[in-house]
1. Can you tell me which of 16-22, 32-38 comes out highest on packing, and rank the rest after it, using the mean Cβ neighbours within 10 Å?
2. Report the label-to-label distance for residue 82 and residue 117 in nanometres (one decimal), using points 7 Å from each Cα along the Cα→Cβ vector.
3. Put a dot 7 Å past each Cα toward the Cβ at residue 59 and residue 173; how far apart are the dots in nm?
4. Given a Förster radius of 41 Å and the C-beta distance between residue 129 and residue 17 as r, what FRET efficiency does 1/(1 + (r/R0)^6) yield to the nearest 0.05?
5. Under the 0.36 nm per residue contour assumption, what length would be gained going from the current alpha-carbon distance of residue 42 and residue 10 to full extension?
């Protein structure tokens, strides 16, 4: 994902709604993916995505245009996701994501749906700190130093969380573990 035009950021900072629309177009897929991985359901991810952009617009004056935008934006998004998870005080329940692939066979669609459900269920069993790092790295395609800056942690901690998160994911996904992984 490429950086957004600095002019759009300036307009956004000044409250331009057209700039907000361009930001939504630029970041919506990434934010939705993070929401899906953190919260576990399509409906929750849609609500989360909308709330992230509304919240960013409301907090836009706190963004310093002299600094990189994405770490500020993704930190805001993750904080909102954490807040929702704290309110739940539970690991999200399963909500099957519909597979809407036109022209494929029913068998292929079913296999793809089962794989996505299995991935989503495995991710749900990870601690939020691992899910966050994995979502930023693989959904938002952020570099390790960007993740560190976004989460306010060291580069070494990011590497550790990614490694442990991937190992835990593999354990749950491949071995079919049913417990929460630390």
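1. Values: 16-22: 14.9, 32-38: 22.7.
The most tightly packed comes first, giving 32-38, 16-22.
2. In this crude label model, residue 82 to residue 117 measures out at 3.3 nm.
3. 3.0
4. Values: r = 35 Å, r/R0 = 0.85.
So the FRET efficiency works out to roughly 0.75.
5. Values: separation 32, 0.36 × 32 = 11.52 nm, distance 3.18 nm.
Length difference between fully extended and current span is 8.3 nm.
Just so you know, all these numbers are worked out from the coordinates, no wet-lab data involved. These figures come from a predicted structure and were not determined experimentally. FYI the Cβ positions are ideal-geometry reconstructions off the backbone, even for glycines, and counts take in every protein chain you see.
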